[in-house]
Amino acid sequence: MKRTVLVVDDEQNMQTVMRMVLENAGHEVLIADSGESALVHAQNPNLDVVLTDLRMPGMGGEEFVIRCRKERPDVPVIIVTAHGTIRSAVKSIHDGAADYLTKPFEPEQLEIVVHNAIKLRDILRENTRLKAEVNESRGTKRLVGEGRVAQQLLEEIRRVAPYKTGVLITGESGTGKELVARTIHELSPRRERPWVALNCSAIPRDLLESELFGYIKGAFTGATHNRAGRLEQAQGGTLFLDEIADLDASLQSKLLRVLQEREFSPVGSNQVRAVDVRFIAATNRELKALVQEGKFREDLLYRLDVYSIVAPPLRSRREDIPLLAQTFLQELAAETDKRVTAFTPAALEALAGYAWPGNVRELRNTVERSLLSCQGTTIDIGDLPGAIVAPSASAAGEKCKFEKKGKKNLDHWLEAMERDAILEALAQTRGVQTHAAKKLGISERSLWHRIKKLNIQINRVIY
């Protein structure tokens, strides 16, 4: 396989010699006569090795090495130098160059040093690939689900994770919005930097500003020392703002300034500090409705909602319930040191048939309660809470009724179930059909046709 080598030298004779040697060795050669033009070639994704002189007009070799290593840390740089600049070459090694070659050199020496650099490049590339696999595994293993809805959610996360883009995560309580946010962080280039979460509804409003921005000594009574806020703690990483709809109006304007200017001031300080943070926000409320009510800033909404993700309710991904339940069981059994390893088919059927208004959070709580009740090694239907079992028994009764009445009632039953599901989705999304369609896992056009077919009056949906 041909490898791409960039030669940076302002002497045409040296360019010609190195091109001839390297092309004879089977490499593709790019030529640049200055550091500035070489930086353009350095963006080539197929670039494997850079050979650069130290003394050139304009940007010198030392500065070029620093810039190249910053922009392409995966590409080894070799210094080609005369005896009089060996000290500078050694300094460039400290700045990140992989090796150096002294002039004059034999063709074999050039081939060997490039061959060694290519081997280093392959090692760096393999390390990057393995690290990416480990990081993706670390992130995605937190999200459990093999069904279509879960895989669509994971695809959305993968799509937005590599960028600095702000993300707004919406969904009902208990759907795992923070887990979605954390997975975005762990699949992003910021994964090694801080992850900081702040629940805007869990902290009193008069303390939330100092919690977010930090404060300096003497800013208020009791401020006996400087304290870094969540913004500063998240520097270079991700700040997750949960329950963003509960943010006070005065703090909304201050947060908007941070998002626009990428700077802030601690409470009690006039000093402006730059901040490099990715913002991810979450809410279970309809922010557009709050904007219309004058309770949330429209400009802040647009800054936060650059990319939106809906965390699906558990009832829309019932195929994942057995896998989720088993995963929670393994985690909780290890924590409690109980030797309970599985569910009976009857227990799993009951779990799959329940509506789960509390979503994944309720499922985990149910598994924990059932684990504590279980006396054997397998959780049976008798170990489940009564609220979980009752709907299952009711469904079984309904099934018997349908069997007695015949198939003619099946269409009516399915129509009633479809109507209830659509009404529930519309109520939860305050009549916004785009969001309701996402919750139901169908297209907006399909939802419109179903609403028309069932003669559902949108303005009669009770919110």
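The values are calculated or read from the model by the stated rules, or taken from the named source; none is laboratory data. For clarity, every value in this text was computed on a predicted model and none was experimentally measured. Note: ideal-geometry Cβ built from the backbone for every residue, glycine included; neighbour counts use all protein chains shown.
Considering the stretch 261-295 alone, what residues qualify as being under 20 Å from Val196 (Cβ atoms) and outside any loop (DSSP other than H, G, I, E, B)?
Of everything in the stretch 261-295, those that are under 20 Å from Val196 (Cβ atoms) and outside any loop (DSSP other than H, G, I, E, B) turn out to be Glu261, Glu263, Phe264, Val267, Arg273, Ala274, Arg278, Phe279, Ile280, Ala281, Ala282, Thr283.
Within the stretch 12-23, can you find the residues that are within 22 Å of Ile112 (Cα to Cα) and either in a strand (DSSP E or B) or without any contact (Cβ under 8 Å) to a residue 60 or more places away in the chain (or both)?
Asn13, Gln15, Thr16, Val17, Arg19, Met20, Glu23
Six or more apart or on different chains, Cβ under 6 Å: which pairs go from a residue in the stretch 200-219 that's farther than 21 Å from Arg273 by Cβ to one that's in a loop (DSSP other than H, G, I, E, B)? Could you list them?
What qualifies is Cys200/Glu243; Cys200/Leu247; Ser201/Glu243; Arg205/Asp248.
Out of Leu208, Leu241, which single residue is part of a strand (DSSP E or B) and closer than 20 Å to Arg297 by Cα?
Leu241
Which residue pairs have Cβ atoms closer than 8 Å, lie 6 or more positions apart in sequence or on different chains, and pair a first residue in the stretch 149-161 that is touching a residue at least 60 places away in the same chain (Cβ under 8 Å) and under 21 Å from Phe240 (Cα atoms) with a second residue that is in a helix (DSSP H, G or I) and of a type in the set (Ser, Thr, Tyr)?
Ile157/Thr183
Is the stretch 174-190 home to any residue that is closer than 25 Å to Arg72 by Cβ, loosely packed, with under 14 Cβ neighbours inside 10 Å and modelled with pLDDT of 90 or more?
Checked against the condition, which is being closer than 25 Å to Arg72 by Cβ, loosely packed, with under 14 Cβ neighbours inside 10 Å and modelled with pLDDT of 90 or more, the stretch 174-190 yields at least one hit.
Inside the stretch 345-386, can you point out the residues that are touching a strand residue (DSSP E or B) at 6+ places or on another chain (Cβ under 7 Å) and either loosely packed, with under 15 Cβ neighbours inside 10 Å or at pLDDT below 90 (or both)?
Across the stretch 345-386, the qualifying residue is only Thr378.
Identify the residue in the stretch 403-430 that is in a helix (DSSP H, G or I) and modelled with pLDDT under 60 and, among all such residues, is nearest to Thr170 (Cα to Cα).
Top of the filtered list is Leu410.
Within the stretch 237-275, work out how many residues are of a type in the set (S, T, N, Q), under 28 Å from Gly222 (Cα atoms) and loosely packed, with under 14 Cβ neighbours inside 10 Å.
4
What pairs come out if I take residues in the stretch 276-297 that are crowded, with 22+ Cβ neighbours inside 10 Å and pair them with residues that are of a type in the set (Asp, Glu) whose C-beta lies under 7 Å away, six or more apart or interchain?
Partner pairs satisfying both residue conditions: Ala282/Glu178; Ala282/Asp242; Thr283/Glu243.
Considering only the stretch 175-205, state which residues are among the basic types (Lys, Arg) and part of a loop (DSSP other than H, G, I, E, B).
Of everything in the stretch 175-205, those that are among the basic types (Lys, Arg) and part of a loop (DSSP other than H, G, I, E, B) turn out to be Arg190, Arg191, Arg193.
Could you tell me which numbered condition Asp48 fails, if it satisfies all but one of (1) modelled with pLDDT of 85 or more; (2) more than 33 Å from the chain's Cα centre (by Cα)?
Tallying (1) modelled with pLDDT of 85 or more; (2) more than 33 Å from the chain's Cα centre (by Cα), Asp48 fails exactly one: (2).
Would you confirm whether any residue within the stretch 48-62 is in a helix (DSSP H, G or I) and in the same structural domain as Leu120 (by TED's automatic domain parsing)?
Checked against the condition, which is being in a helix (DSSP H, G or I) and in the same structural domain as Leu120 (by TED's automatic domain parsing), the stretch 48-62 yields at least one hit.
Given (1) closer than 21 Å to Leu304 by Cα; (2) out of contact with any Asp or Glu (no Cβ under 7 Å at 6 or more places or on another chain); (3) not hydrophobic (A, V, I, L, M, F, W, C); (4) not in a helix (DSSP H, G or I), where does Gln235 come up short, assuming only one miss?
Exception for Gln235: condition (2).
Residues of the stretch 55-72 being surrounded by fewer than 23 Cβ atoms within 10 Å (Cβ to Cβ) and of a type outside the set (D, E, K, R), which ones?
Correct list: Met56, Pro57, Gly58, Met59, Gly60, Ile66.
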